[in-house]
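Just below is one structure, and these are the notes that go with it.
Just so you know, all these numbers are worked out from the coordinates, no wet-lab data involved. Keep in mind it's a predicted model, so treat the numbers as computed, not measured. So basically every Cβ, Gly included, is an ideal-geometry build from the backbone, and we count neighbours across all protein chains shown.
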């Protein structure tokens, strides 16, 4: 049994070891980037390529942030415990790490509803299925008022349809739809602009992080605890000592600042308020290894959506003993409670994947994003006022403090990997305009 914390304390992979630089004393870097996730690495890569001396400080013992790839010991296909896929044919990941593999839409899709495994038809027909309603909201025009839960009420769904559709939205946005703003969700879909399709990076998404980090000065296991700043100078305190720089890029989720895990002195009230209004939705993901492989009954993966709110999405591949569990919102708590015991994990997954009832759980790797102090959730959801809060959060302070991460696009774009990368690029361009004479 391993957890995200244990995994981060383990030895880094070779690509990550190559990115790490030792040393504890102050370094005369022009820019410090707090966080080696997608946004931080994209920002640092852009600055370094422009000739700016940049140092990346990462709290975890690995790079990638909420990108986390699980590689089976038997050399089988990797599983993504963080960002699961690359969204859109126009995602910047294609240029940064391509070529990518298109994710086929021919999976053996099933659903657990009222404790029973059934086909997707059990969730509704004629535009009343959860995915159809999601598409309707994503393409909605005209005024939208209230929450997504309120919007669903206007469609006069049955009790079973309502339960399933609310859970569908919860699994896609990591929060109960009563906390999702219907207008902000529709705006995020309209403003995204990366196109259709889902893609996988052969060999694992952490290859993207490794490529961005190559040659950068990265210190792993070095969380930024507090920041003091004045125009043109920042002082950063870490567990290893203090560092100074001309500018700092904060890529930690706003919730990490709002809860005091990262303290920034002199933060304006509007900025603090914005951080508090941009919470991250809960998520807990598992890579479960069984004593026997999934049966080979067809060539495509089996994907099970749990409409009852206990398991999120469960995926297995024919002929492979590994199972991926991606649980968000309330289902994250259920999966989290089971994760400490192989027997509990086995009992939880058996109704979704009947073949597992005849197998033993041999290993469980846990990525508990909601419990991690450096993420406090999966990603920022489109809650009421998200767009205004994100605009406030992303604004630089005194040409000295800069902010990046998918949260800076909340309410305007979908909170996926491409939004994090674009935010890092934007922050880098803002810095170059500010620090160059």
Peptide ranges 182-191, 243-252, 357-366 listed from the most packed, as the mean C-beta count within 10 angstrom indicates: 243-252, 182-191, 357-366
Would you mind getting me the FRET efficiency between residue 153 and residue 273? Use the beta-carbon distance for r and R0 = 25 Å, nearest 0.05. 0.25
Packing-based ranking, highest mean first, of 89-98, 161-170, 211-220 given that Cβ atoms within 10 Å are counted: 161-170, 211-220, 89-98
With R₀ set to 22 angstrom, the calculated FRET efficiency between the beta-carbons of residue 291 and residue 117, to the nearest 0.05, is 0.55
When only Cα pairs under 8 Å and 6 or more residues apart are kept, what is the percent relative contact order across segment 121-197? 40
Between the Cα axis of helix 38-49 and the main Cα principal axis of the chain, the angle (0 to 90°, nearest 10) is 40
Quote the relative contact order of segment 23-115 in percent (integer), defining contacts as alpha-carbon pairs under 8 Å separated by 6+ residues. 19
Per the Cα gyration tensor, segment 121-197 corresponds to an equivalent ellipsoid with semi-axes, largest first in Å, of 19, 14, 12
Do you know the relative contact order of the chain, to the nearest whole percent, from alpha carbon pairs under 8 angstrom that are 6+ apart? 24
Label model pair residue 298, residue 343: point-to-point distance (7 angstrom along the Cα→beta-carbon line) in nm is 3.5
Highest-first arrangement of 315-326, 35-46, where packing means the average Cβ count within 10 Å: 35-46, 315-326
Report the FRET efficiency, 1/(1 + (r/R0)^6), for residue 259 and residue 90, where r is their Cβ-Cβ distance and R0 is 41 Å, rounded to 0.05. 0.75
Please work out which option in [x] 20.0; [y] 18.2; [z] 22.3 gives mean projected area of the Cα convex hull in nm² calculated from these coordinates, and answer with its label. [x]
If each of residue 125 and residue 360 carries a label point 7 Å out from its Cα toward its Cβ, how far apart are those two points in nm? 4.6
